[in-house]
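I have placed the structure first, in the form of structure tokens, so that the comments after it can refer back to it.
Every number here is computed from the coordinates shown, using simple stated rules; none is lab data. Note that the structure is predicted; figures quoted are calculated from it, not measured. Glycine also receives a Cβ, built like all others from the backbone with ideal geometry; neighbour counts cover every protein chain displayed.
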Amino acid sequence: MVDPDPARSEDDAARPRPRRLSSRVAYRNPWMSVREDEIERPSPDGWRPGIYAVVEKPHAAAVVPWDGTHLHLVGQFRYPLGAWSWEFPQGAVHGDDATAEQVARAELREETGFEAGTLRRLADLAFAPGMADQTFTAWLATDLTPGPAQPEPEEAGMIVARRVTIEALDALIDAGEIVDAATIATWFFARRVLVER
């Protein structure tokens, strides 16, 4: 059988890519580091020098909490955007060897207080592949048991909960009131399970 997407069958090693000459950590804090690499890029005229900055963060989770009637969002002011953002619970566990499922359960508990009886893995995605190495797993959480939210100290008092219907969530996305790409991408997969059965 012929592969309908020849680019997909192409040997990955044969695809053009830059080569790293050197690397240094330009910045580090408890949640992330920024690495600056001196690179050479392939071009029709040979190799061209350049630099590349890479934000390094651990694997994360984005979780769609569904109670059978409503989806549960969390909102907070996102400092880099200078704006409020409604999102599905998401984040990473730092300095730990937690599994992808443990990260999802921890983020759900921290931001909403819910414990999920069932956690369904939806997809593995990347937050911002042009500038960060951070990937995340998208999850659908069902059979929810409520409890008190357990935010990290940096987030205490900053997160607001909101429950919405599927139709209301779609309307928020259509109106541009939800701009978080991880939330929208995760909803793309969860919607297939909850609506497009």
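Summary of computed values
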read-out	value
Label-reachable residues, the stretch 155-178, where backbone N falls under 15 Å from a point 7 Å from Val195's Cα toward its Cβ	164-178
Within the chain, percent of DSSP bridges classed antiparallel, to nearest 5	85
Nearest-0.05 FRET efficiency for Asn29 and Thr69, computed from C-beta distance (R0 35 Å)	0.30
Candidate values [x] -0.48, -1.03, -1.18; [y] -0.62, -1.11, -1.20; [z] -0.72, -1.15, -1.23, label of the one derived for log10 I(q)/I(0) by the Debye sum over Cα atoms at q = 0.12, 0.17, 0.18 Å⁻¹	[z]
Mean Cβ count within 10 Å, highest first, over the residues of peptides 114-123, 156-165, 44-53	114-123, 156-165, 44-53
Footprinting exposure proxy for Ser85, Ser23, Ser43 (fewest neighbouring C-beta atoms within 10 Å first)	Ser43, Ser23, Ser85
Zone of Ile166's modelled label, taken as backbone nitrogen in the stretch 53-70 under 11 Å from a point 7 Å along Cα→Cβ	68-70
Label-point gap, in nm, between Thr145 and Ala13 - each point 7 angstrom along Cα→Cβ	5.1
Extension reserve of the Ser43-His94 stretch, reckoned as 0.36 nm per residue once the Cα distance is removed	14.5 nm
In Hz, Karplus ³J(HN,Hα) per residue of the stretch 67-75 (6.51, -1.76, 1.60; θ = phi - 60°; x = Gly, Pro)	9, x, 10, 10, 9, 10, 10, 10, x
Between the stretch 145-176 and the stretch 76-107, the alpha-carbon center distance in angstrom	12
